[in-house]
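The values are calculated or read from the model by the stated rules, or taken from the named source; none is laboratory data. Computed from a prediction, not measured in an experiment: that's the story for all the values here. No Cβ is skipped: glycine too gets one built from the backbone with ideal geometry, and neighbour counts run over all protein chains shown.
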Amino acid sequence: MVIPIVLQLAGVVVIIAEIILPSGGILSIIAAGLFGYSLFHVFSHMSVEIGMTFLIADLILIPILIYWGLRFMAKSPVTLHQRLSREDGATAQSSDQMAYMGRTGTAITDLRPSGVAMIDQERLDVVTQGEYIDKKTAIVVIAVRGNQIVVELNRPDTQTI
């Protein structure tokens, strides 16, 4: 009677380890194997009644323990309790990218719709709004969104800053 209980407890520990250390499902497969072998041991070496008791207990307790483990993890010191925001100084882009607004440059590669351009003597990854622009074509920066520098074809009638 001790072996199946130890296997069940080991299965629960492995499930909690899967929550803490994501392993791509390997630990979940090990936990399922532990539960399965525990049930096999109970059904084959003990009785069907005890085996059904273990099975029903597994069906009730394992989801409860997983739910409890996730709730515990949300409050544990291992998880991030702080949200990152611009007010706290966390940004996804360099603050100097806004300086490229209105600047002109040349497409180094074909922009279909993304590619590389030379703007202010710097190689930059840029995107268009969907149009195809050939390399060695004059471009102008029309927007900076997130970490993207958006450009379009620089026509003579386009005003630049």
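Find the residue count for segment 33-49, including only residues that are without any contact (Cβ under 8 Å) to a residue 12 or more places away in the chain and either outside the structural domain of ALA17 (by TED's automatic domain parsing) or surrounded by 12 or more Cβ atoms within 10 Å (Cβ to Cβ) (or both).
The qualifying residues number 5.
Which of the numbered conditions does ALA99 fail, given that it passes all the others? Conditions: (1) touching a Pro at 6+ places or on another chain (Cβ under 6 Å); (2) modelled with pLDDT under 90.
Looking at each condition in turn, ALA99 falls short on (1).
Given the conditions (1) closer than 15 Å to GLU152 by Cβ; (2) assigned to a strand (DSSP E or B), and given that GLY102 satisfies all but one, which numbered condition is not satisfied?
(2)
Give the residue, chosen from GLY24, GLY11, that is assigned to a helix (DSSP H, G or I) and not hydrophobic (A, V, I, L, M, F, W, C).
GLY11
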